[in-house]
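Here the structure is laid out as structure tokens; the discussion comes afterwards.
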Amino acid sequence: MSIDPALLQRAENACELCTSTENLTAYDVAPETGAPIEHTAVLCETCVTQIEGSALNADHWQCLSTSMWSQTPCVQVLAWRLLTQQSGETWAQDLLDMMYLDESLAEWAKAGLPEKEEENDTPTRDSNGAVLQNGDTVTLIKDLAVKGAGFTAKRGTAVRNITLTTNPLHIEGKVNGQQIVLVSAYLKKV
Ligand SMILES: [Zn+2]
């Protein structure tokens, strides 16, 4: 695949992350914004393989200590993502601490970050620590005054077919025909 000469010129005919001159390709930095040249970086095969694969080689990515200072926005975005993915390691976190992205670049960088598994790591648990799932039936372990609905949900009330929320401390379910948010810690899985 041929690379736009303007891109190659910007990249000085080298990988914009590690300066290798081998097997260069044009790499789209997702999500694409602006003109192609703005969201396309010139990368070598090694960099692309690691970015698209699942393992990052810390030795290779020491190159980020230089390329993170690139004047090219999409290269800054790539460097930030790669450092963030490796931020469990001191060297990467140290570099990340020094890095500054303006707001729009930071948004772009975050938008393309591979989803972290730990975001959904925290399970929703009932009062006994049992993990709750969508569709479970629970009972209330105490009387709960339902704010705004004008009734008290009595202890022992069964709530069928609950729905988890983004907050592990809360679930949603129907009580007295009304969809309400309930505190997981006041529930017991049936
Ligand atoms: Zn490279």
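Every number in this text was worked out from the coordinates using simple rules, so none of it is lab data. Every value quoted in this text rests on a predicted model; they were computed, and no experiment measured them. Positions of Cβ are backbone-derived with ideal geometry, glycine not excepted, and every protein chain shown enters the neighbour counts.
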Give the angle, between 0 and 90 degrees and rounded to the nearest 10, that separates the Cα long axis of helix 73-85 from the longest principal axis of the Cα atoms of the chain.
50
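Based solely on its DSSP helices, what 222 nm [θ] is calculated for the chain when runs of n ≥ 4 H residues each add -39,500 (n - 2.57) and the sum is averaged over all residues, nearest 500 deg cm²/dmol? Kindly include the intermediate steps, with their values, before the conclusion.
Values: 7 runs with 54 residues, N = 190.
So the helix-based figure for the chain works out to -7500 deg cm²/dmol.
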Cross-link reach list, lysines versus residue 142, counting only Cα pairs under 20 Å and skipping chain neighbours closer than eight places:
154, 174, 188, 189
Hand me the GluC sites (Glu not before Pro) from the range 49-120 located in a DSSP loop with no more than 16 other Cβ atoms within 10 Å, in residue order please.
89, 115
For the range 138-189, the convex hull over Cα atoms projects on average to an area in nm² of 3.2
Treating the beta-carbon of each Lys and Arg as +1 and of each Asp and Glu as -1, no other charges, what is the dipole magnitude of the chain about its Cα centre, to the nearest 20 debye?
1820
